[in-house]
Amino acid sequence: MVVPFSSSMNINGSTYILECAVRHKEQGAAPMASVMMFILIPTGLGVVSCLFILFYISFTSNFFIHSHQTHLTFNSTLNISFVGNPIIQTHTHVRFNGNHVNDNDVFHDRDAFVDNYKEMNRSLKIYVYPHQKGDPFSNVLLAVDFEPGGNYASESYFKKVLKMSHFITKDPSNADLFFLPFSIARLRHDPRVGINGIKDFIKSYIFNISHEYPYWNLTNGADHFYVACHSIGRFAMEKVVDVKINAIQVVCTSSYFVSAYIPHKDASLPQIWPRLGGNPNFAPYKRKKLGFFAGSLNSPVREKLLEWWGNDSDIFVHFGRLERSYTEELLGSKFCLHVKGYEVNTARIVDALFYGCVPVIIANHYDLPFADILDWKHFSVIVATLDIPLLKKILQGITQQEYLVLQSNVLKVREHFQWHVSPIDFDAFYMVMYELWLRRSSLRLQ
């Protein structure tokens, strides 16, 4: 209410004006405060969110890194410090003792690994739920009688080699772990089950073993494990939550971005396409191409890679038929790109290792195989998908000396990513067994 001022007004009139003003202020204060709060709270939250995003990017992206200089100090030891280099998060110290490199190890702790490996090899025992050839789903539950091949061979290799190994026990009371022997890949191709029936099959299988045997119920599945390499395995446990939450999942689809995979409880299985023959060794100086990738255009990450580097003369990105063989391209490249497709995992990492090419991993949230044993930063380059525009700068910023260390370590680790029907110490089978040994329960059945 507005009252015009008049010089003729007396004290009572002044009092009236004051009362009206006070009354107007009291009536308008609450609505005005609500309006201000309605405006200020979202604005404040927006500012805080923007600051948080900028803070996150500054720590996870290399767009804020302006220096890619590498400093080498030569004295009695060679200290290679990757300053501002996105592939190495900490300084790497390489000591040369004659011709023997005893630091910059591919293992996090070689001595601890060797000691634990011996104990694992001596004591670890696995009980496999028994099935016979005459069982209706023996093709799914028993090991194959041929040498596995193809993109999902890791799943079949493990079961086949385990069956013949000294880790098997027929006495469940001696078992550290219990193996659920179903094959996701073979269920997928079984016309009685198919893709749509896998969840129900797994649910029925867990129901049956939990009623026929006491072992699952003793730990609610915490000392049980299964092995799967096909991406369908990520959804196969949706009707048996106890498997997903409690059991050890040894899977190729080891993305910790999705709720189906739990790092440290579960283990990352390398996806390996078996290659025939011995390990090729193409000299580093013969590798003329800076980077190489070939694959399907089946993800936004790969689309971004094509957008930035599809026509580059140093980084070869190809999504069609190759002019040269895949093997020749891997052997002729310094760095071979593993780029997330439908899943974070493909066989390209192990392909790169097999052919002596330093893998460049562009797949966020990928729990890399054997990462709690092997130090991946010593034999690979890890690039955030956000930094694809910087890819060439990153790779060209790696000096020749640094590259030779990485490439030399690639040749050292590739034995850990190979399957053999008759397993060889430290090969893929034994590495998976070691991962299981690390995750075994301290409680044993009495």
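The values are calculated or read from the model by the stated rules, or taken from the named source; none is laboratory data. Keep in mind the model is a prediction, meaning the values are calculated, not measured. No Cβ is skipped: glycine too gets one built from the backbone with ideal geometry, and neighbour counts run over all protein chains shown.
Which one of these is over 30 Å from Arg275 (Cα atoms) and in contact (Cβ under 8 Å) with a residue 40 or more places away in the chain: Tyr205, Tyr152, Tyr215?
Numbers: Tyr205 fails: in contact (Cβ under 8 Å) with a residue 40 or more places away in the chain; Tyr152 fails: over 30 Å from Arg275 (Cα atoms).
It is Tyr215.
Hey, among the residues in region 259-273 that are touching a residue at least 60 places away in the same chain (Cβ under 8 Å) and among the hydrophobic types (A, V, I, L, M, F, W, C), which one's farthest from Val344 (Cα to Cα)?
The selected residue is Trp273.
Could you say which residue among Gly332, Gly233 is in contact (Cβ under 8 Å) with a residue 40 or more places away in the chain, under 24 Å from Ile388 (Cα atoms) and surrounded by 17 or more Cβ atoms within 10 Å (Cβ to Cβ)? Before you say what the answer is, go through the steps one by one.
Working: Gly233 fails: under 24 Å from Ile388 (Cα atoms).
Only one candidate qualifies: Gly332.
Would you confirm whether or not region 401-418 contains a residue that is surrounded by 13 or more Cβ atoms within 10 Å (Cβ to Cβ), part of a loop (DSSP other than H, G, I, E, B) and in contact (Cβ under 8 Å) with a residue 12 or more places away in the chain?
Yes - at least one qualifying residue is present in region 401-418.
Looking at region 128-139, is at least one residue assigned to a strand (DSSP E or B) and modelled with pLDDT of 95 or more? Explain how you work it out, then say what you get.
Residues of region 128-139 that are assigned to a strand (DSSP E or B), as a first pass: 128.
Checking which are modelled with pLDDT of 95 or more leaves us with 128.
Yes: one or more hits.
Among the listed residues Ser380, Ser441, identify the single one that is farther than 20 Å from Glu155 by Cα and at pLDDT below 95.
Numbers: Ser380 fails: at pLDDT below 95.
On inspection, the qualifying residue turns out to be Ser441.
Among the residues of region 287-313, which ones are in contact with a strand residue (DSSP E or B) (Cβ under 9 Å, 6 or more places away or on another chain), within 21 Å of Leu386 (Cβ to Cβ) and assigned to a loop (DSSP other than H, G, I, E, B)?
Gly295, Ser299, Gly310, Asp312
Take region 209-224 and flag every residue that is surrounded by 23 or more Cβ atoms within 10 Å (Cβ to Cβ) and either hydroxyl-bearing (Ser, Thr, Tyr) or within 20 Å of the chain's Cα centre (by Cα) (or both).
Residues satisfying the conditions do not exist here.
How about region 234-257: which of its residues are at pLDDT below 90 and touching a Ser or Thr at 6+ places or on another chain (Cβ under 6 Å)?
Arg234
Taking only region 332-354 into account, find how many residues are among the acidic types (Asp, Glu) and out of contact with any Ser or Thr (no Cβ under 8 Å at 6 or more places or on another chain). Steps first, answer last, please.
Step one: of region 332-354, the residues among the acidic types (Asp, Glu) are 343, 351.
If we keep only those that are out of contact with any Ser or Thr (no Cβ under 8 Å at 6 or more places or on another chain) as well, we get 351.
The number of residues fulfilling the criteria is 1.
Among Ile202, Ile206, Ile195, Ile184, which is the only one that is over 30 Å from Glu119 (Cα atoms) and surrounded by fewer than 15 Cβ atoms within 10 Å (Cβ to Cβ)? Reasoning before the result, please.
Working: Ile202 fails: surrounded by fewer than 15 Cβ atoms within 10 Å (Cβ to Cβ); Ile206 fails: surrounded by fewer than 15 Cβ atoms within 10 Å (Cβ to Cβ); Ile184 fails: surrounded by fewer than 15 Cβ atoms within 10 Å (Cβ to Cβ).
On inspection, the qualifying residue turns out to be Ile195.
Assuming Asp312 fulfils every condition listed in (1) surrounded by 13 or more Cβ atoms within 10 Å (Cβ to Cβ); (2) over 19 Å from Val344 (Cβ atoms); (3) modelled with pLDDT under 95; (4) not hydrophobic (A, V, I, L, M, F, W, C) apart from one, which condition is it?
Only one criterion in (1) surrounded by 13 or more Cβ atoms within 10 Å (Cβ to Cβ); (2) over 19 Å from Val344 (Cβ atoms); (3) modelled with pLDDT under 95; (4) not hydrophobic (A, V, I, L, M, F, W, C) is unmet by Asp312, namely (3).
Would you mind finding the one in Thr73, Thr90 that is outside any loop (DSSP other than H, G, I, E, B), at pLDDT below 95 and either among the hydroxyl-bearing types (Ser, Thr, Tyr) or closer than 28 Å to Leu438 by Cβ (or both)? First the steps, then the outcome.
Values: Thr90 fails: outside any loop (DSSP other than H, G, I, E, B).
The conditions single out Thr73.
For region 269-287, what are the residues that are in the same structural domain as Phe158 (by TED's automatic domain parsing) and in contact with a Leu (Cβ under 6 Å, 6 or more places away or on another chain)?
Hits for region 269-287: nothing passes.
Which one of Lys412, Lys340 is among the basic types (Lys, Arg), modelled with pLDDT of 95 or more and not assigned by TED's automatic domain parsing to the domain that holds Tyr434?
The unique qualifying residue is Lys412.
Give me a count of the residues in region 391-431 that are out of contact with any His (no Cβ under 8 Å at 6 or more places or on another chain), among the basic types (Lys, Arg) and farther than 20 Å from Pro280 by Cβ.
In the first step, residues of region 391-431 are kept if they are out of contact with any His (no Cβ under 8 Å at 6 or more places or on another chain); the result is 391-392, 395-396, 398-404, 407-408, 410-425, 430.
Remaining after also requiring among the basic types (Lys, Arg): 392, 412, 414.
Among the residues that remain, those that are also farther than 20 Å from Pro280 by Cβ are: 392.
Result for region 391-431: 1.
Here is a list of conditions, (1) of a type in the set (A, V, I, L, M, F, W, C); (2) touching a residue at least 40 places away in the same chain (Cβ under 8 Å); (3) part of a loop (DSSP other than H, G, I, E, B), and Ala143 meets all of them except one; can you say which number that is?
If we test Ala143 against (1) of a type in the set (A, V, I, L, M, F, W, C); (2) touching a residue at least 40 places away in the same chain (Cβ under 8 Å); (3) part of a loop (DSSP other than H, G, I, E, B), just (2) comes out false.
Given Lys288, Lys239, which one is exposed (fewer than 14 other Cβ atoms within 10 Å of the Cβ), more than 17 Å from Asn364 (Cα to Cα) and touching a residue at least 12 places away in the same chain (Cβ under 8 Å)? Spell out the reasoning first.
Numbers: Lys239 fails: exposed (fewer than 14 other Cβ atoms within 10 Å of the Cβ).
Matching residue, one of Lys288, Lys239: Lys288.
When you scan region 258-306, how many residues do you find that are modelled with pLDDT of 90 or more, polar (S, T, N, Q) and farther than 24 Å from Ser333 by Cα?
1
Scanning for something closer than 23 Å to Pro423 by Cα and touching a helix residue (DSSP H, G or I) at 6+ places or on another chain (Cβ under 6 Å), does region 232-248 turn up at least one residue?
Yes, region 232-248 contains a residue that is closer than 23 Å to Pro423 by Cα and touching a helix residue (DSSP H, G or I) at 6+ places or on another chain (Cβ under 6 Å).
So which residues in region 336-351 are within 19 Å of Gly150 (Cβ to Cβ) and either out of contact with any Pro (no Cβ under 7 Å at 6 or more places or on another chain) or part of a strand (DSSP E or B) (or both)?
Residues of region 336-351 within 19 Å of Gly150 (Cβ to Cβ): 338, 341-343, 345-351.
Listed by number, the residues that qualify are His338, Gly341, Tyr342, Glu343, Asn345, Thr346, Ala347, Arg348, Asp351.
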